[in-house]
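The values are calculated or read from the model by the stated rules, or taken from the named source; none is laboratory data. Just so we're clear, the structure is a prediction, and the values are computed from it rather than from any experiment. Positions of Cβ are backbone-derived with ideal geometry, glycine not excepted, and every protein chain shown enters the neighbour counts. Side chains are part of the model used for accessible areas, which takes the heavy atoms of the whole protein and leaves out ligands, DNA and RNA. Shrake-Rupley method; radii C 1.70, N 1.55, O 1.52, S 1.80 Å.
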Amino acid sequence: MSGAEAAVRVQEVTVNYGRRVAVDDVSFTVPRGSVYALLGRNGAGKSSLIRCLVGQQRADRGQVRLLDLDSWTDRTKVMDRVGVVPEDADAPPGMTVRQIGDFCNRVYSRWDRATAAKRLERFSIDGGSRFGTLSKGQKKQVLLAFALAMSPEVLVLDDPTLGLDVVARKSLFDEVIAELADRGTSLLITTHDLAGIEALADRVGIMRDGKLVVDEEMETLKSRYRRIRVAGGQVALAAGNLAVANVRQWGSGSEAVVSNYDEVAFERFRASADTGHTDASAMSLEEIFIEIAGEEGAKS
Amino acid sequence: MTHVLTIAAREIRDRTFVLWTAAAVALLPFFAQALPGIQRWPRADIIAGTAGILASLVALGLAVLMGGTFIARDLADRRLSFYFSRPVSASSLWFGKLLGATVLSGLVFAIISIPSLIVARSGWKGTWDQPPHMVATLVLGLSVLLILVAHAASTMFRARSMVLIADLILMVLFGAASWMLIQSFLSEGASGVVKRLILMVAVMTLTGLLGAGAWQLSRGRTDVKRNHLEMSKFLWCSIGAGVILAALFAWWVRSASLTDLEQPQAGQNGTGEFAIVRGVSRGRAGYMPTFLVDTRTGQSTRLVANTGLHFTRNGNAVFGITETSTRTRTTGQLRVQRLGRDAKPETLPVTFNGGGDAVVSDDLSRAAVQHGPSISVYRIADGRLLASARLPDLGISARAFFPSNDVLRILLVKGQSNANAPGPYTLRILELDIAKRRLTTTGLWHTTARWLWMSANADGSTLIAHRRYGPEGTEMQMLDGRTAMPGVSIPGMHFRPPRLLSDGRLAGFVGGKNVKGLSIFSKDGALERQIVLPDSGWGYVAGEAGRGKLVVVTRGAGASTGEETGRGYQTVVVDIDRGTVIRKESGFYAPNSWSWKDPRSERPNTSGDYLLTDSNGVLWRWNALTGSRQKLAG
C-alpha cells in the first residue's frame, strides 16, 4: 500500500524508557476508511504507541505518519485533521463543557458547533456543567462529541470504553459507527472491549511485550484460528500440517487451538488419525486474543 | 497569534475567582486606618500605602503561584495532552499561558490599587516615589520574571529526575563565573563594564527563561522528565552563552592596549624612565586601563588599580591600594610594582580594613598606610604590622615619608581654607618611632594664611611652606624639616607652588602685571635670576632634566582647563644657569608629577625622557635634551 493511501503508517517504531523497551520495532498501516483495532494487555505498549501516533511523544526510532504527515514534526497540521479521545479525560476540570467547545471552535479550522451541540444533547450533557464534575462516561462522551465535531479524517480512540457501563459503551460505539458510516472516517482504536470492536474492526493488531505479533485483516485472523476438539486420544495435528497454538485436556479427549486452520488440512488430519469424533469450531476475537496475548501465547 | 490569545483568555477565564478575590482585597485599605498605631498618618497616605503594598504583594504572589503551576502542574497531572491533541503549537501554548498569567497579575494589581487611586490620589503621590503607572510597570516586569523563575524551578522539582543535580551544579558554576567576571571589574571601579556584563548575562538568562518554556513543550510535549531535560538544556545553554559572551567581552575589554586609549593621562617617575598612563579605551564601555610604560623602549604592561597609583620618590617602584568593597566592608590591599627590567608586580600581603593612602620607604621595605585618623606601618616582605598610631588633630592634609627605616615622619596641616580672609594655620611635625611604637611631636609652626601648601627637599631636611595670605600676596617660608624652625622667608607676588631643586636652589613661578616667568632663588633665599617666559600667566615646573635644566609648562590664553589636551599649553626647557629657553614645544604639556602623600621632591630626570600630550590628546615620548619625539598612545 502506498503512503498516500494510508491514513496511518507506522514504520519500525521503537520506544524505550531507560533500559526497558516499551515498543519494539513496530510497523503497521491503517488504510483510509478502515477501522484498525490495536489490542494488547496492559503494559503491552499500546499507549506509548498511541502517544507517538498523535505526536505527543517522540519515538526513539522509526517514524509515524498520519495522513501522509509526520505526526511529530507536523503535529499541529495533523491534529487539525485527526480527532483524539485519550485514555484519561484530559480537559481542564474547571472549564464548562461549553467553554471547552468554544475553545475548540477557536483552534480548529473546521468545527461544527451544531453537530457538537446535537451530540451533547443526545448524551444528555448540560453545556454549563464543569468538566471535572462529569462522570467518567460523560467525560468520554464529551471528548468524543468534540473529537467528531471537527470532522476528522482519522479518529484515534485510546481505550474509549474504559470504565464505562454497558449502556454507555454501546452508546459510544453507536456514535462512532454512525460517524464511520456517514463520512468514511478512518479509525484507530485501542480497547479491551473486544466483543464491541469485533463487529467494527477491519483489521487487527495485537501487541505483546512491545512487539506487534499480529497485524492482519479481522476475517483472515478469525478464519485461521479454530478450536479443534477430539473425543478420544491425543491430538496429532501434525498429520494435517496444522500449527498448534495450544493443547489442553478436554474431558476424556483433548482440545487444541490451531492458528493456520483450513478445510483441506483439517480433513487430511481427520482422515489420517483415528481420533473418534472430531470437530472444529470458530473462535471469537476475545478467545483468539487470549490465545495470542495470554500466558500460553506468551510461551509459544 | 489567535491561538496565543485564545489560550491566554482561557487561562484568565479559568481563574476568574482570583479577580473576585482581588476585588475583596481592594476594600481592605479603606479599613486599614482602624489598625492601632497608624492613625497619626493622613488617611489618604494610609489608604494609598496599604493599597500599594497589598496590590504589589498579591500580584507578585500570584505570579509565583501561576508560574509554579500553569505548565508544570498540568504536566504532572497529565492534562497537557488536552492541548497537544489539538492543532495548537507548543509556542502558542507557552506564550498564551504566559500572557494569561501576566495579564492576571496586572489585573489583580489594577483591581486592588485603582479604588485607592481614585479616592486617595494625593496619598499615592505622597507615599510612593514613582507615579502609579511606573509602579504598575515595575510590578508587571517583576511578575513576568517571577512567573518565569517559578516555572523553571517548578519544572525542575516536579520532574524528580537526576537532571536536577546537573541544574544545581550549573547554577553554582555559572553564578560563580559571572561573579568572578563582575568582581574583577568592580575592584577596578569599572562600573560601565560591570553594567554591560550584568546586562549580557541578564538578557541571556531572561531569553533562556522565556525561550525554555516554548522549547521544552515543543521537544518534551507531555513527558514530564523530557520537559525538564529540554528546559534545562535550553536554559543553561542560553545562560552559558551569556556567560561566555560576557567573558569574551571582558577579555576584549582587557585586551585594550596603550594605542586604544583616548586622551590618555600620564604621570612619570622622577627619573623619567617610567610612566603611568591611564585613559578611556575606545568602545569599551568607558573602561580605563592603567599601563606602566617604559619610556625608553615604549613597552607597556597593564597595572591593576582602582585608586591612585604613585611612584616612590626615588622612582624605583609604583604602588597603589586596591580597594574591594562589599555592602558592609571595604578592604584595601597594597600592590607594589618594582621598576626595572624583568621586574614583576607583587601583591604584598598587606590587607587592611577600609581604603586609604600609602607611602613606601625608599628601599621598599616599609609601607605606611593612613586610613581615617590612624596610620600604620607594615613590613612589606611579610605584611607584618610594625607600628600603628592615632593621629592627633587630623587637619586638612597629612603627608608622610620615611627619613629612615626606623622612623615615619608625618606633616599635619590644620586650618581652614578661606578665600576671603586669612585664618590660623598650624603645621605639626610628628615622628613615629617604629621600634618603640611611639608617636611624638617634633615640631610645631603657626601662621596665618588663606591657603597653605607644604613640600620638602629631596631628603626631607628642609620644608617649604607656600603661604598665600592676602588677595595678591604670597610667601615662601623655609622651615626645618624636623623641628619646623623657621628659616629664610621669601615674600613675593603671585608665586605658584615652588619646587626645591636637587642642588638646594628653589624654582618658583611668578606671574604679575609686569613680570611673568620663572624665579630662581639660592639656598639662602636670595634671588639669583628671573627668566621671562612666553605666555607664562600660569605654569609649573614639571621636572629637572639634568643639572641646571628645568622642564617648565606654561599656559597661554587659549588653553582650556577642562580638557586633557595640550591645546594652549607649551612645554619649554630652560637653562636656569644661563637664563635661556633652549627648547620649546607649543601645543604640548608635560604632566606635573608629584605625590599627594610624600612631600619630598623627586630625583632629577637625568635621561631627559618626558611624556607630552598634544592638542589632540595624543601622548608622545619626548626627550627634553635632544628634542626627539615619538607617538606613544592616543
Report summary line: Matching residues in the stretch B:183-207 (under 17 Å from the mean Cα position of the chain (by Cα) and outside any loop (DSSP other than H, G, I, E, B)) number 12
Query raised in the report: Could you list, in sequence order, the residues of the stretch B:17-58 that are of a type in the set (Ser, Thr, Tyr) and within 10 Å of B:Ser113 (Cα to Cα)?
Result: B:Thr50, B:Ser56
Report task. Return the only residue of A:Leu66, A:Leu38 being in the same structural domain as A:Val154 (by TED's automatic domain parsing), surrounded by 17 or more Cβ atoms within 10 Å (Cβ to Cβ) and within 19 Å of A:Glu216 (Cβ to Cβ). Result -> A:Leu38
Report task. Please find, within the stretch B:68-103, the residue that is nearest to B:Arg158 (Cα to Cα) out of those that are aliphatic (A, V, I, L, M) and more than 14 Å from chain A (Cβ to nearest Cβ). Result -> B:Ala72
Requested in this report: With the checklist (1) more than 30 Å from B:Leu93 (Cα to Cα); (2) within 14 Å of chain B (Cβ to nearest Cβ) in hand, flag the one item A:Arg32 doesn't pass.
Outcome: (2)
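Yes/no per residue for (1) under 36 Å from the mean Cα position of the chain (by Cα); (2) at pLDDT below 90:
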position	(1), (2)
B:Pro392	yes, yes
B:Ser397	yes, yes
B:Ala419	yes, yes
B:Gly443	no, no
B:Trp451	yes, yes
B:Met454	yes, yes
B:Glu475	no, yes
B:Leu479	no, no
B:Pro491	no, yes
Query raised in the report: Does the stretch A:236-251 include one or more residues that are assigned to a loop (DSSP other than H, G, I, E, B), within 33 Å of the chain's Cα centre (by Cα) and at pLDDT 85 or above?
Result: no
Query - Members of the stretch B:66-85 found to be open to solvent by less than 10 Å² (accessible area, probe 1.4 Å) and over 50 Å from the mean Cα position of the chain (by Cα), listed by number - result: B:Leu80, B:Phe82, B:Tyr83, B:Phe84, B:Ser85
Query raised in the report: Given the residues B:Thr155, B:Thr127, which is the only one that is open to solvent by 40 Å² or more (accessible area, probe 1.4 Å) and touching a residue at least 60 places away in the same chain (Cβ under 8 Å)?
Result: B:Thr127
**Report entry** Wholly within the stretch B:432-471, strands (runs of 3 or more DSSP E) carrying at least 3 residues that are closer than 18 Å to B:Asp393 by Cα and out of contact with any helix residue (DSSP H, G or I) (no Cβ under 6 Å at 6 or more places or on another chain)
**Finding:** B:438-449, B:451-456
Query raised in the report: Does the stretch A:43-63 include one or more residues that are more than 11 Å from chain B (Cβ to nearest Cβ), free of Cβ contacts under 8 Å to residues at least 12 places away in the same chain, at positive phi and out of contact with any Lys or Arg (no Cβ under 6 Å at 6 or more places or on another chain)?
Result: yes
Requested in this report: Taking the residues in the stretch B:390-415 that are in contact with a Pro (Cβ under 8 Å, 6 or more places away or on another chain) and part of a loop (DSSP other than H, G, I, E, B) as candidates, determine which candidate is least open to solvent (accessible area, probe 1.4 Å).
Outcome: B:Leu391
Query raised in the report: Can you tell me which of B:Leu229, B:Leu210 is open to solvent by 50 Å² or more (accessible area, probe 1.4 Å) and over 39 Å from the mean Cα position of the chain (by Cα)?
Result: B:Leu229
Report task. Can you confirm whether the stretch A:1-18 contains a residue that is at the interface with chain B (Cβ under 10 Å from one of its Cβ atoms) and more than 30 Å from A:Gly294 (Cα to Cα)? Result -> no
Query - Filter result for A:Asp165 (touching a strand residue (DSSP E or B) at 6+ places or on another chain (Cβ under 6 Å), modelled with pLDDT under 90 and either farther than 16 Å from B:Tyr83 by Cα or surrounded by 21 or more Cβ atoms within 10 Å (Cβ to Cβ) (or both)) - result: no
Query raised in the report: Which residue out of B:Arg338, B:Arg379, B:Arg384 is of a type in the set (Lys, Arg) and modelled with pLDDT under 85?
Result: B:Arg338
Report summary line: Only one of (1) more than 30 Å from B:Arg86 (Cβ to Cβ); (2) outside any helix (DSSP H, G or I); (3) among the β-branched types (Val, Ile, Thr) does not apply to B:Thr222, and that is (1)
Report task. Six or more apart or on different chains, Cβ under 6 Å: which pairs go from a residue in the stretch B:378-391 that's within 16 Å of B:Val360 (Cβ to Cβ) to one that's in a loop (DSSP other than H, G, I, E, B) and open to solvent by less than 20 Å² (accessible area, probe 1.4 Å)? Could you list them? Result -> B:Leu386/B:Ile434; B:Ala387/B:Ile434
Requested in this report: Working only within the stretch B:216-239, note down all residues that are touching a Gly at 6+ places or on another chain (Cβ under 9 Å) and away from chain A (no Cβ under 14 Å).
Outcome: B:His228, B:Met231, B:Phe234, B:Leu235, B:Trp236, B:Cys237, B:Ser238, B:Ile239
Query - Odd one out for A:Gln99 among (1) more than 22 Å from A:Leu187 (Cα to Cα); (2) open to solvent by less than 10 Å² (accessible area, probe 1.4 Å) - result: (2)
Requested in this report: Filter the stretch B:142-189 down to the residues that are out of contact with any strand residue (DSSP E or B) (no Cβ under 9 Å at 6 or more places or on another chain) and of a type in the set (Ser, Thr, Tyr), then identify the one that is nearest to B:Met231 (Cα to Cα).
Outcome: B:Thr155
Query raised in the report: From the set of residues in the stretch A:68-123 that are assigned to a strand (DSSP E or B) and without any contact (Cβ under 8 Å) to a residue 40 or more places away in the chain, which is farthest from the other protein chains (Cβ to nearest Cβ)?
Result: A:Asp70
Query raised in the report: Restricting attention to the stretch B:324-333, does a residue exist that is at pLDDT 75 or above, open to solvent by less than 10 Å² (accessible area, probe 1.4 Å), over 24 Å from B:Gly566 (Cβ atoms) and outside any loop (DSSP other than H, G, I, E, B)?
Result: yes
